[in-house]
Amino acid sequence: QDLLRAPKMRGGLGEFFLADLLTQILPTDFFTLQYGFPDGERVDAAIRLRDRVVPVDSKFPLENFRKMGAAATDAERAEWRKSFVRDVKLHIDAIAQKYIRPGEGTYDFALMYIPAENVYYETIIKEDGVTDEKGIFQHALKHRVIPVSPNSFYAYLQVILLGLRGLAVEQEAQKILEALMRLQRELGAVREDFSKAGKQLGFAVENFEKAD
């Protein structure tokens, strides 16, 4: 707990866990850590799908979440929750503004990596009569920012991996089809040459008989 009090340390661990998860599941050709945009802005990771990338941000605001967990009273906890919800919404806005750039090769959505399941639960899943929890998720979807926890992100990556395997099969099938089309053209040329050779042999036989 003392180690994670420093926001920079928390951010570094979030990036580390994100990089570790990507490395375990996806081939290195299909993601880039610290992906850079032309204006110098960088996102923690980018997943490559066909000719575009999916930005993934791992810098999640946890300071007020930590204070919310340490609150002594329900009223104090409610105040820190409001601050935490505000922080998360502002973070969502920043992700949408900085990293969703279809004109620069990204898809029209981004992933917001929440580094712990309990934080994801409090932020996205939990519904105890307070509308802010729903508000965060709706706010995220409105801005095309998809919140993911370590477990749900793992599931997303497995689906992406299956898609990449299907894409590889599709690419190989296309290569095979192109090779078959080349073979068909070459066989056509051989058939034409063979036909010409047959005709010439026929003329040769006819001339031989006449000469005889």
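The values are calculated or read from the model by the stated rules, or taken from the named source; none is laboratory data. In this text, all values refer to a predicted model and were calculated from it rather than measured experimentally. Counting neighbours? That spans all protein chains shown, and the Cβs are built from the backbone with ideal geometry, glycine included. With ligands, DNA and RNA removed, areas are computed over all heavy atoms of the protein, side chains included. Shrake-Rupley method; radii C 1.70, N 1.55, O 1.52, S 1.80 Å.
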- Message: Which pairs turn up if I take residues in the stretch 189-202 that are surrounded by 10 or more Cβ atoms within 10 Å (Cβ to Cβ) and look for partners that are among the hydrophobic types (A, V, I, L, M, F, W, C) and modelled with pLDDT of 85 or more with beta carbon separation below 7 Å, at least 6 apart in sequence or on another chain?
- Response: none
- Query: Does the stretch 90-121 hold any residues that are open to solvent by 30 Å² or more (accessible area, probe 1.4 Å) and more than 27 Å from Leu49 (Cα to Cα), and which are they?
  - Reply: Leu90, Asn118, Tyr121
- Item | Residue identified as in a helix (DSSP H, G or I), at pLDDT below 80 and not acidic (Asp, Glu) among Gly166, Gly129, Gly103 | Gly166
